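Just below is one structure, and these are the notes that go with it.
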Amino acid sequence: MKNLIIKLNKLGYNKLAAKVTNVEAAENIIDQMKDILENGAKKIQGKMVDAYTASLIVQIYNMVGEGTKKKMENTKIDKLVTICWKMQKKLNAKS
């Protein structure tokens, strides 16, 4: 995938290369969350994510269906965090 991005940039397709980069980042967001669980906090898409938040996102990701998983993978980190915290509050209110 990185070779494709480099070739697109060399050929002058910078906007297309940026879109490919965004898709690659979206596909890896859950893997990045799992990495945070193992190695500690880090920045994702310019936002600092701690292990507690990453754990929440991974737990909710594992609970939802396939369609929702795909939506979560394609959502930006700040919106994903907000949605997951709202879901967590609703789950705690029910218990």
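Each value in this text was obtained by applying a stated rule to the coordinates, not by laboratory testing. Keep in mind that what you see is a predicted model, and the values were worked out from it rather than measured. Every residue, glycine among them, receives a Cβ derived from its backbone with ideal geometry; neighbour counts consider all protein chains shown.
The table for this structure:
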| read-out | value |
| --- | --- |
| Amide H within-cut-off set for residue 44, under 5 Å, with H built and near neighbours excluded | 49 |
| Spacing of the two label points (7 Å from each Cα toward its C-beta) at residue 39 and residue 82, in nm | 2.9 nm |
